[in-house]
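Undergrad: Can you read through this structure? Questions will come right after.
Computed from the coordinates by the stated procedures, all read-outs in this text should not be read as laboratory data. What you see is a predicted model, and the numbers here were worked out from it, not measured in a lab. As a convention, Cβ positions derive from the backbone with ideal geometry for all residues, glycine included, and neighbour counts pool all protein chains shown.
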Amino acid sequence: NAGVTQTPKFQVLKTGQSMTLQCAQDMNHNSMYWYRQDPGMGLRLIYYSASEGTTDKGEVPNGYNVSRLNKREFSLRLESAAPSQTSVYFCASSLRLPTNEAFFGQGTRLTVV
Amino acid sequence: GEDVEQSLFLSVREGDSSVINCTYTDSSSTYLYWYKQEPGAGLQLLTYIFSNMDMKQDQRLTVLLNKKDKHLSLRIADTQTGDSAIYFCAETPGTALIFGKGTTLSVSS
């Protein structure tokens, strides 16, 4: 029962480096989401994909790009990492919001130095 | 824009009831959710309420919804140390969940 799988779990980047956070779900869900969690800020939506082939900006999209590679996979790319992007990143999926529960991955803890 | 407000901290003794409050802004949200996050883990759905309901009870959990005031509360009866976690209220104005900042519940024995 994998659910939502995120890789890597931890990552340290230097300012200006790029990287891609991977997310895959095995529940045949239509919608996928990327959030970031910062102390005292709760979870903020970066991007989401309501269905395969579509992506939309959330509250804090600047500095990020996403790709909905297929129905299972939704990746988040940092082209030029900045210290302000130090955060814990969560991927989530849902059959369809608002009527269905969203399932979350375990998170990726990213530090940009 | 959407904004979900919660108090940041709540401290209770084991066996007491805990009440976590939330205010939301989007009256079009058809479902309102409570998620729980334990240390080092992702979020898990705790319970939810449909917008045409006033109350929902699920074992030790009671959710109250006041649509007029856009106020949502989560009551945990007989709070246990295992209930220590961060609790997030979330609204669904469209096809994404919008979360509050989370309430850290600390339960002392």
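Undergrad: Whole Å is fine, so just give me how far the alpha carbon centre of region A:40-65 lies from that of region B:56-109.
TA: Region A:40-65 and region B:56-109 have Cα centres spaced 24 Å from each other.
Undergrad: Using the Cβ atoms and a cut-off under 15 Å, what net charge is assigned to the surroundings of A:LEU13, where Lys and Arg are +1 and Asp and Glu are -1? Intermediate values should be presented prior to the final figure.
TA: Values: positive: A:LYS9, A:LYS14, A:ARG36, A:ARG77, A:ARG109; negative: A:GLU79.
After counting each charged neighbour, the total is +4.
Undergrad: Using θ = phi - 60° and the Karplus form 6.51 cos²θ - 1.76 cosθ + 1.60, what ³J(HN,Hα) does each residue of region B:68-78 get, whole Hz, x for Gly and Pro?
TA: Running phi through 6.51 cos²θ - 1.76 cosθ + 1.60 with θ = phi - 60° gives 4, 9, 6, 10, 10, 9, 10, 10, 10, 7, 6 Hz.
Undergrad: What distance in nm lies between label points placed 7 Å from Cα along the C-beta direction at A:PHE10 and A:SER80?
TA: 2.9
Undergrad: Turning to a different aspect of this structure: Run the paramagnetic zone check for A:MET27: 7 angstrom along Cα to Cβ, then residues of region A:46-65 with backbone nitrogen under 19 Å.
TA: A:46-53, by backbone N distance to the label point.
Undergrad: Non-local amide H neighbours of B:SER106 (under 5 Å, H modeled in plane, Pro and chain starts lacking H): which ones?
TA: Those lying under 5 Å, H to H, from B:SER106 are B:LEU10, B:SER11, B:VAL12.
Undergrad: Can you pull the one-decimal nm distance between simple spin-label points at B:ARG13 and B:ASP78, each 7 Å off the Cα toward Cβ?
TA: 1.8
Undergrad: Build a GNM of chain B with springs between Cα atoms under 10 Å: which of B:SER28, B:SER17, B:SER84 gets the top mean-square fluctuation?
TA: B:SER28
Undergrad: Under 8 Å for C-alpha pairs, at least 6 residues apart: give me the relative contact order for region B:12-81, rounded to a whole percent.
TA: 42
Undergrad: Mind computing the radius of gyration and Dmax over the alpha-carbon atoms of region A:1-99? Å is fine for both.
TA: 13.1, 41
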